[in-house]
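One structure below.
The values are calculated or read from the model by the stated rules, or taken from the named source; none is laboratory data. Please read all numbers here as calculations on a predicted model, not as lab measurements. Because the Cβ atoms are built from the backbone with ideal geometry, glycine has one as well, and the counts that use them run over all protein chains shown. With ligands, DNA and RNA removed, areas are computed over all heavy atoms of the protein, side chains included. Shrake-Rupley method; radii C 1.70, N 1.55, O 1.52, S 1.80 Å.
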Amino acid sequence: LKIHNPTRTLVAGTHGRSMYSFDLGTLPDVSGVAARWQEVVTDLRAQPNPFRNSTTIVFSLSRSSQVAVAVYDLTGRKVKTLASGSLEPGIHRLTWDGSNDAGHRVASGIYYARIVAGGASGTVSLNLVR
């Protein structure tokens, strides 16, 4: 259980018969980041998802922006760079074929596509099933 309030996050739960709770401390105000993201990227999805051979990451930009799109594994290691540079407003589609930057196929599992645009970032989960 994660409890949010405007300034603190408290986490509580159970593990077996044990209960735990701890205070994550004061949180930074990220409302401006979320608003900035929604001003630049209005749609973000992957289709199909889950996928076997390839998936297409679809997003829409409301204005020209410097954009970086990369796929990461669950440990946070970058697997593949899909885009880096300036993109015009509109709908964009980037295909990931389940390979890494060296061109080798990666294992089945959960990956994340991270998009950085307009000073903010967003992610979409990708479920690769071989």
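So how many residues does the stretch 101-130 have that are within 13 Å of residue 52 (Cα to Cα), part of a strand (DSSP E or B) and open to solvent by 70 Å² or more (accessible area, probe 1.4 Å)? Here the count works out to 1. Among the residues of the stretch 85-100, the ones that are over 19 Å from residue 130 (Cβ atoms) and surrounded by 15 or more Cβ atoms within 10 Å (Cβ to Cβ) come to 3 in all. Take the conditions (1) open to solvent by 80 Å² or more (accessible area, probe 1.4 Å); (2) modelled with pLDDT under 90; residue 13 misses just one of them, which is (1).
For beta carbons closer than 7 Å, sequence separation of 6+ or different chains, a first residue in the stretch 106-130 that is within 27 Å of residue 39 (Cα to Cα) and a second that is of a type in the set (Asp, Glu), the qualifying pairs are 111/73; 118/39.
Restricting attention to the stretch 46-84, the residues being assigned to a strand (DSSP E or B), open to solvent by 40 Å² or more (accessible area, probe 1.4 Å) and over 18 Å from residue 101 (Cα atoms) number 2.
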